[in-house]
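Every number in this text was worked out from the coordinates using simple rules, so none of it is lab data. These numbers come from a predicted model, not from an experiment. When we count neighbours, we look across all protein chains shown, and the Cβ atoms used for this are built from the backbone with ideal geometry, even at glycine.
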Amino acid sequence: MSQLSYARYGKDNIRLFKVEKDEKAGTQTVVESTVCILLEGDIETSYTEADNSVIVATDTQKQTCYILAKQNPITPPELFASVIGDHFIKTYPHIHAAHVKIIQHKWTRMAIDGKPHPHSFLRDGEDIRVVESVTRENVGVSIRSKIEKLLVLKSTGSAFYGFHRDEYTQLQETWDRILSTEVEAGWAWKTFSGLDEVKSVAPKFDEAFNAAKEITLKTFALDNSASVQATMYKMSDQILAAVPLVEAVDYSLPNKHYFEIDLSWHKGLKNTGKDATVYAPQSNPNGLIQCTVTRKGPKSKL
Ligand SMILES: O=c1[nH]c(=O)c2[nH]c(=O)[nH]c2[nH]1
């Protein structure tokens, strides 16, 4: 009558916090993450025949995550995701793939009286670093790194004109508008042969994250934007140039509209065009502009 077509299972929302203590320097460093582990393999009978013998309990997966966090660095998250994935496919012969997602939350060291404080931190922004990895037996490790929830706004330096017009078009052209978005940017790495290769390139992950964030912010600020589409393509192009091991860059940018308000009905108040200073931020609907950009020609090599 029916058959199991696809299955994976695991533990989501494993919250993890690690303190690294540098006794010599008298400083501590903290990392807070949320981990999701989903396993694939010969687990069909657990669904179809109530055979629990093939189930590595989700609680076991959570405990394993804590143990591996104790035994290994949990940054960069790309490396820790690969450590977790490698553990599950190597420890259990019937588990053939592990999907590991790690969200790294922000804890930025406080500056007190102009000096970095040894053990106090603040959340200076809701932006998060995300890693989605798949470790697959006989294939390798595929990793996509992301930055999400990075809220940005520019009050000028953005236009939108020359777009297609027909009998459905009401939007006026503008040569000066507010541009705001919550950046979701991802970059997909070449497939790594295994954990050893991921380890060998480990410093590249933080470098890529910093480059992607800097390119995103710099391009957003400096580009005289013709559209969200044109600006995000420039960002993608620069990330591909900066990180040779990356094969594809993707952006998903909501266009968070700020509408001008015509106040001329009140004593002729001027508040449109070059006189606009008071705006109405819109919650919805919003534009949503997405793209994936890859390299022309042969694939990237180490
Ligand atoms: O940068 C933009 N791209 C669009 O596709 C679009 N559509 C729209 O109404 N405003 C904008 N702005």
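For the reader, a short list of remarks on this structure follows.
- Summed side-chain charge close to ARG144 - residues other than ARG144 whose Cβ falls under 11 Å, Lys, Arg +1, Asp, Glu -1: -2
- Using θ = phi - 60° and Karplus 6.51 cos²θ - 1.76 cosθ + 1.60, couplings along the range 258-275 (whole Hz; Gly, Pro as x): 10, 8, 5, 10, 7, 10, 5, 5, 9, 6, x, 4, 9, 9, 10, x, 5, 8
- In nm, spacing of pseudo-spin labels at GLU126 and ARG8 (7 Å Cα→C-beta vector): 2.7 nm
- Amide H contacts under 5 Å for HIS257: GLN282, GLY287, restricted to partners 5 or more places along the chain or on a different chain, H placed in the peptide plane at 1.01 Å from N.
- For the chain, the longest principal axis of the alpha carbon atoms and the long axis of helix 203-222 meet at an angle near 10°.
- The alpha carbon convex hull volume per residue for the range 148-302 rounds to 139 Å³.
- For LYS11, residues with placed amide H under 5 Å, excluding near neighbours: ILE37
- Summing Lys and Arg as +1 and Asp and Glu as -1 over all other residues whose Cβ lies under 14 Å from the Cβ of ARG109 gives a net charge of -2.
- Peptides 284-297, 28-41 ordered by packing proxy, namely the average of other Cβ atoms within 10 Å per residue, highest first: 28-41, 284-297.
- Distance cut-off 31 Å, percentage of C-alpha pairs in the chain lying past it: 45 percent
- Mean residue ellipticity (222 nm) of the chain, computed from DSSP H runs ≥ 4 via -39,500 (n - 2.57), nearest 500: -8000 deg cm²/dmol
- Over 19 Å [Cα-Cα, the range 1-138], rounded percent: 57 percent
- A cut-off of 5 Å between modelled amide H atoms, ignoring neighbours fewer than 5 places along the same chain, links MET110 with HIS117, SER120, PHE121, LEU122.
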